[in-house]
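Asker: I'd like to ask some things about the structure below.
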Amino acid sequence: MTNVALTNSDLLLAALFLVINGAISVAFGLRLELGLAIAAARMVAQLAAIGFILKFVLAQSSPLWTAGMAVAMLLIAGYELFERQQRCFKGWWTYGLGNATLLFAAGLATLYTIVIVIAPTPWYAPRYLLPVLGMVLASTLTSISLVLQTVTDGLEREKGAIGARFAQGATRLEAFAPLIRRALRTATAPVLNVMSVAGMVTLPGMMSGQIVAGADAIEAARYQIVMLFALTGAAGLGAITAALAGVLLLSDDRHRLRLDRLAPHH
């Protein structure tokens with residue numbers, strides 16, 4: 001089976017969907033048309049750029065180029081995590097915590113999936129490593145962002161109750177336990193929802209892409225199952241790591257809340 005090549009004219013035809021959304025925005029006075037246009041332009045520019053970059057990196061098959069691309073993806077994900085937070089930690093803590101957690105959770109899940117499960121030769125082949133890392137980073141980024149947002153927002157509402165638990169002799173984890181549980185449920189809900197409807201309601205992106213590219217449908221399903229397991233594991237690992245790190249930053253060993261470590265809303 002040969003792939004159907006898409007031309008620039010095909011891209012313009014697909015952009016009609018965006019025009020429909022813009023028309024709806026104008027008709028109902030939503031004032032979203034400018035935002036849609038900017039988001040679309042940014043998306044096209046980013047995907048076009050990454051397409052040329054990946055074409056070059058894939059042609060090299062060099063561990064150095066692959067590592068450089070992976071580091072760049074990690075740093076950008078850390079910046080996006082920082083930008084998503086309405087209430088951040090002061091100083092470098094948010095960016096440092098985000099990057100460290102992303103590196104730990106996404107890096108571990110990606111290496112396990114590539115080296116142990118898929119096991120390509122060589123294991124650092126960019127054709128496998130970079131797409132898997134990209135999908136795992138997206139899932140982990142979402143879970144960490146939701147955890148940190150839930151913890152910081154919840155702390156403002158529940159600081160009295162948390163302080164009371166400290167006064168009764170609770171440890172950090174005991175004082176923050178209800179908030180941690182709620183943050184973890186919130187963070188893992190998106191990927192659990194994806195798993196619940198995969199196959200019956202939706203065809204996930206990786207499986208759909210492989211089928212369009214001509215891969216065997218059963219083999220594509222196997223790859224998608226592996227990736228959903230990896231995404232769920234990375235999301236859970238990133239969520240618990242971010243939650244525990246957030247609790248350690250927002251309290252001290254003298255059983256006091258450290259609200260002074262939070263920056264104002266932005």
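The values are calculated or read from the model by the stated rules, or taken from the named source; none is laboratory data. All values reported here derive from a predicted model rather than from experimental measurement. Note that each Cβ is placed from the backbone with ideal geometry, even for glycine, and that neighbours are counted across all protein chains shown.
Asker: Specify which of the listed residues (Y128, Y124) is over 11 Å from A243 (Cβ atoms), at pLDDT 90 or above and not in a helix (DSSP H, G or I).
Answerer: Residue meeting the stated conditions: Y124.
Asker: Could you tell me how many of the residues in the stretch 95-109 are closer than 20 Å to R261 by Cβ and either in contact with a Ser or Thr (Cβ under 7 Å, 6 or more places away or on another chain) or basic (K, R) (or both)? Spell out how you get there, then give the answer.
Answerer: Here is the first cut: in the stretch 95-109, the residues closer than 20 Å to R261 by Cβ are 95-101.
Retained after the next criterion (residues that are either in contact with a Ser or Thr (Cβ under 7 Å, 6 or more places away or on another chain) or basic (K, R) (or both)): 101.
Here the count works out to 1.
Asker: Please return the ranges of helices (runs of 4 or more DSSP H) entirely within the stretch 172-266 where 3 or more residues are within 18 Å of T152 (Cα to Cα).
Answerer: 172-197, 217-249
Asker: Do we find a residue being over 30 Å from I118 (Cβ atoms) and either in contact with a helix residue (DSSP H, G or I) (Cβ under 7 Å, 6 or more places away or on another chain) or not charged (D, E, K, R) (or both) anywhere in the stretch 185-208?
Answerer: Yes, the stretch 185-208 contains a residue that is over 30 Å from I118 (Cβ atoms) and either in contact with a helix residue (DSSP H, G or I) (Cβ under 7 Å, 6 or more places away or on another chain) or not charged (D, E, K, R) (or both).
Asker: Here is a check on your reading of the model: is A109 surrounded by fewer than 18 Cβ atoms within 10 Å (Cβ to Cβ), in a helix (DSSP H, G or I) and of a type in the set (G, A, S)? Show your work before the answer.
Answerer: Numbers: surrounded by fewer than 18 Cβ atoms within 10 Å (Cβ to Cβ): no; in a helix (DSSP H, G or I): yes; of a type in the set (G, A, S): yes.
Judged against the criteria, A109 is not a match.
Asker: Would you check which residues across the stretch 153-199 are under 22 Å from A242 (Cβ atoms), within 19 Å of the chain's Cα centre (by Cα) and of a type outside the set (D, E, K, R) and list them?
Answerer: A183, L184, T186, A187, T188, A189, P190, V191, L192, N193, V194, M195
Asker: Hey, does the stretch 78-101 have a residue that's within 24 Å of R127 (Cβ to Cβ) and either in the same structural domain as L11 (by TED's automatic domain parsing) or crowded, with 16+ Cβ neighbours inside 10 Å (or both)?
Answerer: Scanning the stretch 78-101, I find no residue that is within 24 Å of R127 (Cβ to Cβ) and either in the same structural domain as L11 (by TED's automatic domain parsing) or crowded, with 16+ Cβ neighbours inside 10 Å (or both), so the answer is no.
Asker: Residue by residue through the stretch 1-52, note down the ones that are among the hydroxyl-bearing types (S, T, Y) and assigned to a helix (DSSP H, G or I). Spell out how you get there, then give the answer.
Answerer: Going residue by residue through the stretch 1-52, those that are among the hydroxyl-bearing types (S, T, Y) are 2, 7, 9, 25.
If the condition is that a residue be among the hydroxyl-bearing types (S, T, Y) and assigned to a helix (DSSP H, G or I), then S9, S25 are the ones that fit.
Asker: Further, regarding this structure: Write out, first by first residue and then by second, each pair whose Cβ atoms fall under 7 Å of each other, whose residues are 6+ apart or on separate chains, and whose first residue, in the stretch 9-26, is assigned by TED's automatic domain parsing to the domain that holds R42 while the second is loosely packed, with under 13 Cβ neighbours inside 10 Å.
Answerer: Matching pairs, first to second residue: S25/R31.
Asker: On to the next question. Has the stretch 68-76 got any residue that is in the same structural domain as G246 (by TED's automatic domain parsing) and not in a helix (DSSP H, G or I)?
Answerer: no
Asker: Quick one: what pairs do we get from the stretch 159-178, first residue of a type in the set (D, E), second part of a helix (DSSP H, G or I) and exposed (fewer than 15 other Cβ atoms within 10 Å of the Cβ), C-beta under 8 Å, 6+ apart or different chains?
Answerer: So the pair list comes out empty.
Asker: Scan the stretch 69-81 and report the pairs whose first residue is farther than 14 Å from T140 by Cβ and whose second residue is hydroxyl-bearing (S, T, Y), with Cβ atoms within less than 9 Å and a gap of 6+ or a chain change.
Answerer: Note: pairs meeting the criteria are Y79/Y95.
For every residue, the table says whether it meets (1) modelled with pLDDT of 90 or more; (2) more than 23 Å from L137 (Cα to Cα); (3) in contact with a Pro (Cβ under 6 Å, 6 or more places away or on another chain).
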{"position": "A161", "(1), (2), (3)": "yes, yes, no"}
{"position": "P178", "(1), (2), (3)": "yes, yes, no"}
{"position": "A187", "(1), (2), (3)": "yes, no, no"}
{"position": "M207", "(1), (2), (3)": "no, no, no"}
{"position": "L228", "(1), (2), (3)": "yes, no, no"}
{"position": "A243", "(1), (2), (3)": "yes, no, no"}
{"position": "L248", "(1), (2), (3)": "no, yes, no"}
{"position": "R261", "(1), (2), (3)": "no, yes, no"}
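Asker: What number of residues in the stretch 131-174 are hydrophobic (A, V, I, L, M, F, W, C) and in contact with a Ser or Thr (Cβ under 7 Å, 6 or more places away or on another chain)?
Answerer: Total satisfying the criteria: 5.
Asker: Of the conditions (1) touching a helix residue (DSSP H, G or I) at 6+ places or on another chain (Cβ under 7 Å); (2) surrounded by 13 or more Cβ atoms within 10 Å (Cβ to Cβ); (3) not charged (D, E, K, R), I225 satisfies every one except a single condition; which number is it?
Answerer: Result: I225 passes all but (1).
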